[in-house]
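Everything below concerns the one structure shown next.
Read-outs: derived from the displayed coordinates by stated rules, not from any lab. None of these values were measured; they are calculated from a predicted model. Don't worry about glycine lacking a Cβ; one is built from the backbone with ideal geometry, like all the others, and counts go over all protein chains shown.
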Amino acid sequence: MTVPSKFYCCVAACFLASAFPSRAQGLALESAGARLGFEANSSQEFHQAEGFADWNLPWAWELGPHWRVQTGLDASLGWIGDSSRHAAIATAGPLLALRYKGFPLFLEGGSSPTVLTRSGFEHKDFGIPFQFTSYIGVGLNITRHWRVAYRFQHMSNAGLASSNPGLNLHVFAVSYRF
């Protein structure tokens with residue numbers, strides 16, 4: 001995609017977002033929990049475990065009488081590793097959640113800057129400790145206070161280093177809703 005194409009895509013996204021009514025509300029801790037992930041390819045060398053917290057940000061878009069897009073912030077701290085080497089991992093970034101009023105299932109996606117305490121592992125060299133983690137997933141509110149979720153996530157350095165193998169994970173979560 002060329003620079004002008006990126007610019008037009010950004011303008012179009014802003015235009016579409018402004019076409020729907022939005023509502024501001026206070027910053028609120030939405031949920032906190034634990035996530036466990038394993039590599040999406042057949043070797044399954046990498047695993048990840050982390051604690052996380054999600055906050056609702058003060059912006060939301062009403063897409064009609066029942067649909068809503070809520071903005072949020074996801075932050076996590078945890079562990080990532082393969083069979084011989086391990087590292088700490090920290091992420092923090094925006095998320096969007098699409099919800100249907102009164103329905104317990106929702107879609108969620110986001111992208112977060114990610115920091116690793118090591119970039120070289122036995123089976124992969126991520127190039128640099130600075131990465132980006134993008135994800136899309138589904139969540140299910142099983143009770144008023146408990147939620148389970150699944151996400152497919154991709155971590156890479158976005159070409160900032162010559163070595164950029166990327167890492168795809170299947171991630172499962174359980175969290176407490178406030």
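Summary of computed values
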item: Under the Karplus curve 6.51 cos²θ - 1.76 cosθ + 1.60, θ = phi - 60°, whole-Hz ³J(HN,Hα) for the stretch 160-174, x wherever Gly or Pro sits; result: 6, 10, 5, 8, 8, x, x, 8, 9, 10, 8, 10, 10, 9, 9
item: Using θ = phi - 60° and Karplus 6.51 cos²θ - 1.76 cosθ + 1.60, couplings along the stretch 141-156 (whole Hz; Gly, Pro as x); result: 7, 8, 9, 4, 10, 10, 9, 10, 8, 10, 9, 9, 10, 10, 10, 7
item: Viscosity 1.002 mPa s, 20 °C: Kirkwood-radius Stokes-Einstein D of the chain over Cα pairs, µm²/s; result: 122 µm²/s
item: Amide H within-cut-off set for Ser31, under 5 Å, with H built and near neighbours excluded; result: Asp54, Phe178
item: DSSP loop trypsin sites (Lys or Arg not before Pro) with at most 16 other Cβ within 10 Å: longest gap in the chain; result: 1-84
